[in-house]
Structures are given as C-alpha cells and as structure tokens.
Amino acid sequence: MLDYFTTNDNFNLILSNVFNDKDFSFNIIPTGWTNIVLDVNCKNENYICKFPRNSFWAQQIQKDCNISNFVREKMNIHSPNMKIYKIDNKCFSIHKKISGKSLAEKFKYLSNQEKEKIAEQLANIFYKMHSYNVKNIDEKYKYNYVSFLKQMIKIANNYDMKLFESLFNDNNNKNNLVFAHNDINVGNIIINDDNNIVAIIDYAFAGLADIYTDLSVISCRTDDVFYNKLINEYSNLSNITINKDKLNNRIKLRQHLEDVYIEYIKNNCFDIKI
C-alpha cells in the first residue's frame, strides 16, 4: 500500500472526512514540488493541505509540522500552526492559510527600496534562527541537514556527487552548526500588502547546518539589490565576516540541486507548474 498521495486520490472524500462538512471547495496549487498542495475554502476560512508526493516526502510531513510549531512557539517566528491527519496509513497536514502572498509572486513588482526592506527583515529572521542556542533544542528537532540531503538526492540520480563534497566537509565540524531552515526560497516567504514578512513556511529541510545553507538558498530567483542587502545586514547583525568563496560554492550547489530536481519533476509530476 502506498504511503503517499497521487493526483488520482479522492481529495473530496478525504477533506469531507476532515472537515465533517460538504460545504467546501478547493484548488490545487500547481507549484508544490514536494507535496500536492490544496488551497481549501470552508465556511469562509481558508486552509492549506499538504499531501506528500512520494515515500521520502511522506517521511518528512511530521517533521515539517513539528519544526513549524517549534519555531513559532520557541523562536517567535511566525510559522503555520500545523496538524497531522491520517487516512489509510497515509499522513497529510492541514493549517490555516496565512494571509499574504509569497515573495515569488511579488518580487518582480517590487522597487529596490522595497526589496532592501524585505531583505533586512529576512536577515533578522536568519539571525534569530542561527543564534538560537542549539543546546536548548530538544533532540527530536536536531535533524542533521547533511543526512537529510543524502537521503533526498536518492530520489533522482543525476546529482554530481563531487559537488556535494564541499557541503559534507563544511558540516563535519559540529561547532559550526546552527539551527537553520535550509529552504528559505522566494516561495517560502509570505509577505503582506505593506511588503512586510508575515510568515516563513515549509520546514521539511530544517535542521542543523552551517549558516551558508540558508544564506545561499535565497540567492536563487532574487537579484543583486536584494541579496547584497541581505548578506550585508546579516553580517552586521551576527558580526561574522562572510566567506565569499564558500558562499559562492554553496550557491552553485543549491542551483545544481534545483536543476536536477526540476528535471525529475518534469519527468514524474506532470501537474506541477515550473
């Protein structure tokens, strides 16, 4: 029996069991790379429902929920209040939709001043996460990012393993590890009409890593105005001199991750909008 969902699943039936009501409607959000994501309207309340696309992401759905709730409660970073549901031994999550739009939807319409404003806020979020005392984090939240990544890349088989060596080596020194989101891209940042960050979403990648994973991910699909402001502000807050060679190498690694996974999606998930 499958432990994940496909677009052939009867989501009407699944949701009617959850909401105990047939008065709802939903749309599939066509950008969910790891989950089939539904935008559900029920009694004038909007919800986001995430259904894992394969066995690997099925193993991460509880982690996403736990970390999202942990970050919101312990770090005071606004994140979804997620709950896990199960049907036929398959787990999925539901949370109330956070009002706003993703940075991906708005980025090309922003002025340089607005980009710098958001970048400054994001630098503060990174600093808050990275400066949280790892010793105070419960063991069940101390996921090792490298171990996670080694498992994730088995989904597709076109990764350049030599390129990964730098990441694995950088993270061998446990003294350098911080709590990191590891996937804060423009799609996982929710901003309001005033262009303030109101939430960070999607914590399946989260865990212990060095600072360069978070700082590299956001470089993809932003621009120099945004990114330079982010790096400078983060450096000022943390009093860390950023190693540009290490950062640039990690950016290449992230781009490689995305390129290979996009190819995998194109060949396996025909409902996704790239």
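Coordinate-derived values only; no laboratory data. Every value quoted in this text rests on a predicted model; they were computed, and no experiment measured them. Neighbour counts run over all protein chains shown; Cβ positions are idealised from the backbone, glycine included.
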Quick calc: nm separation of the 7 Å Cα→Cβ label points for Met161 and Lys273 -> 3.8
per DSSP, antiparallel bridges as share of beta bridges in the chain, % nearest 5, sits at 95
Exposure-ranked with fewest Cβ neighbours within 10 Å first, Thr241, Thr6, Thr222 stand as Thr241, Thr6, Thr222
Per the rule of 0.36 nm per residue minus the C-alpha distance, extending Lys83 to Asn8 adds in nm 24.7 nm
Everything considered on the Cα gyration tensor (a ≥ b ≥ c; rounded for a/c under 1.5, else prolate if a/b is larger than b/c, else oblate), the stretch 11-96 must be described as oblate
Note to self: C-alpha centroids of the stretch 73-94 and the stretch 21-41 sit apart, in Å, by 15
HN-Hα couplings for the stretch 70-80 via Karplus (6.51, -1.76, 1.60; θ = phi - 60°), in whole Hz with x for Gly/Pro, come out as 4, 5, 5, 7, 9, 9, 6, 10, 5, 9, x
Dimensionless Rg/Rh of the chain, both radii on Cα and Rh by Kirkwood, sits at 0.95
Over 32 Å (Cα to Cα) among Lys150/Lys273; Lys135/Lys273; Lys86/Lys273; Lys117/Lys273; Lys63/Lys174; Lys108/Lys162 -> Lys135/Lys273; Lys108/Lys162
Note on the chain: contact order normalised by length, alpha-carbon pairs under 8 Å, 6 or more apart, percent, works out to 19
Contour minus Cα-Cα span, Asn20 to Glu139, at 0.36 nm per residue, comes to 39.2 nm
With +1 on the Cβ of every Lys and Arg and -1 on the Cβ of every Asp and Glu, the dipole magnitude of the chain about its Cα centre, in debye rounded to the nearest 20, is 380
Stretched fully, the stretch from Lys174 through Lys266 gains (0.36 nm per residue minus C-alpha distance, one decimal, in nm) 29.5 nm
